[in-house]
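What follows is a short report on a single structure.
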Amino acid sequence: MLVLALVVITDQLTKRWVIDSIPRGDTRRFLPAIDLVHVENHGVAFGVLAGGHTVVSVLVALALLGLLAYFIRHGDRPLLWLPTGLLVGGAVGNVLDRLRDGAVTDFIKLPLWPAFNLADLAITVGVFTLLYVAEERARAR
């Protein structure tokens, strides 16, 4: 629960800062290879399914239910709480945006990559961490 809460709080605070500090469509240089932008994403990954709020909501709900079922079924696995907290926290952070604003605020821009946010980063790290935890269990057998 702590990981989930930290992801949601950090994600929402950074998005609020971007909304309050960077006009939509503008870019601010942050680091040599990272820009801060203010983009609204009306779809899911990289804008896919834009305008399909019902479809997006159903897909997110199904993914969360599947993840929670996996967690309940395999809760004895060491470190499983970490990817679960990252994945659920990231999903909740983006769902809160959709419910409140009708779109997700993205703000981290890398060269040759679409803008994303901290919830997206938590989800990505959560997927790789979940794969690692699952593979470690299989390797231990």
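The values are calculated or read from the model by the stated rules, or taken from the named source; none is laboratory data. In this text the structure is predicted, and so the values were computed from the model without any measurement. Ideal geometry is used to build each Cβ from the backbone, glycine not excepted, and the neighbour counts take in all protein chains shown.
At-a-glance table
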{"item": "Tabulated pairs, region 1-19, first of a type in the set (S, T, N, Q), second in a loop (DSSP other than H, G, I, E, B) and modelled with pLDDT of 95 or more, C-beta under 9 angstrom, 6+ apart or interchain", "result": "THR14/ASN117"}
{"item": "Among residues of region 78-103, those that are surrounded by fewer than 17 Cβ atoms within 10 Å (Cβ to Cβ) and touching a helix residue (DSSP H, G or I) at 6+ places or on another chain (Cβ under 6 Å), counted", "result": "2"}
{"item": "Number of positions in region 55-77 that are surrounded by 13 or more Cβ atoms within 10 Å (Cβ to Cβ) and of a type outside the set (Val, Ile, Thr)", "result": "10"}
{"item": "Residues satisfying the stated conditions in region 117-141, i.e. at pLDDT below 95 and not in a helix (DSSP H, G or I)", "result": "ARG141"}
{"item": "Some residue of region 9-27 being more than 14 Å from GLY93 (Cβ to Cβ), within 19 Å of the chain's Cα centre (by Cα), modelled with pLDDT under 95 and not in a strand (DSSP E or B)", "result": "no"}
{"item": "Residue count, region 72-114 (criterion: assigned to a loop (DSSP other than H, G, I, E, B) and either in contact with a His (Cβ under 9 Å, 6 or more places away or on another chain) or of a type outside the set (A, V, I, L, M) (or both))", "result": "11"}
